[in-house]
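Heads up, the thing below is written out as structure tokens.
The values are calculated or read from the model by the stated rules, or taken from the named source; none is laboratory data. These numbers were taken from a predicted model, which means no experiment stands behind them. Here Cβ is always computed from backbone atoms with ideal geometry, including for glycine, and neighbour counts include all displayed protein chains. SASA here: full protein model, heavy atoms, side chains in, ligands and nucleic acids out. Shrake-Rupley method; radii C 1.70, N 1.55, O 1.52, S 1.80 Å.
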Amino acid sequence: MKLLLVCLGNICRSPMAEGIFRQLTAQRGLAWEIDSAGTADYHVGEPPDRRAQRASAELGIAIGDLRARQVNEADFSHFDWILAMDGDNLHRLRALAGSDCKARLGLLRDPFLQHPTALEVADPYWGNLDDFLACAEQIRQAAEAFLQRIDKKES
Ligand code: 4NP
């Protein structure tokens, strides 16, 4: 399974999600390919926000070596799943996806898009460390749920 996690800047939510998925899949012995990217290019090449690094460290996860990159065309044919953190970024992904898009697009908190309104991982960028801790916990729970669904459905 190849999974790409996507937010706006790739310095807060999606690098935390990448680290959490790496930890959870390693714990389950799953050899998944996991990456993250942003729909915007504001922070390309930067490490994750320090608050994202601290919130990840609270979960025993080091993400300081990650570097932000922007989503590109090849991502849509390479990855099996591309999960956005919020509805805005899902819309951006849909606009970028070409006709050879192989990936399934969804929301991290609603991968199969079953809810009438977007279930989002809110952007903690303008918040404080507590917001990042809550965000990391929300991502962790959604990641656990996704792994359970996929285990049953597709593996
Ligand atoms: P992220 O958070 O999308 O979770 O990485 C943000 C990071 C940077 C900005 C917005 C959101 N920004 O406006 O620079």
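Values for this structure:
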read-out	value
Residues of region 13-65 satisfying the condition of being open to solvent by 60 Å² or more (accessible area, probe 1.4 Å) and either of a type in the set (A, V, I, L, M, F, W, C) or touching a strand residue (DSSP E or B) at 6+ places or on another chain (Cβ under 7 Å) (or both)	R22, A26, A31, E33, D41, V44, A57, A62
Any hit, region 55-73, residues being in contact with a Cys (Cβ under 6 Å, 6 or more places away or on another chain) and among the aliphatic types (A, V, I, L, M)	no
Near pairs, Cβ below 6 angstrom, 6+ apart or cross-chain, from region 126-155 (closer than 12 Å to R13 by Cβ) to any residue that is at pLDDT below 95	none
Filter result (open to solvent by less than 40 Å² (accessible area, probe 1.4 Å) and within 15 Å of the ligand (Cβ to nearest atom)) within region 1-12	L4, L5, V6, C7, G9, N10, I11, C12
Matching residues in region 2-39 - criterion: being assigned to a loop (DSSP other than H, G, I, E, B), out of contact with any helix residue (DSSP H, G or I) (no Cβ under 7 Å at 6 or more places or on another chain) and closer than 14 Å to I82 by Cβ	N10
In region 40-65, the residues that are in a loop (DSSP other than H, G, I, E, B) and either charged (D, E, K, R) or within 21 Å of R92 (Cα to Cα) (or both)	A40, D41, Y42, H43, V44, G45, E46, D49, D65
Boolean, N89 is at positive phi and within 16 Å of the ligand (Cβ to nearest atom)	no
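Residue by residue, here is whether (1) within 16 Å of the ligand (Cβ to nearest atom); (2) closer than 13 Å to L3 by Cβ; (3) in a helix (DSSP H, G or I) holds:
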residue	(1), (2), (3)
E73	no, no, no
S77	no, no, yes
A95	no, no, yes
G106	no, yes, no
P124	yes, no, no
A142	yes, yes, yes
Q148	no, no, yes
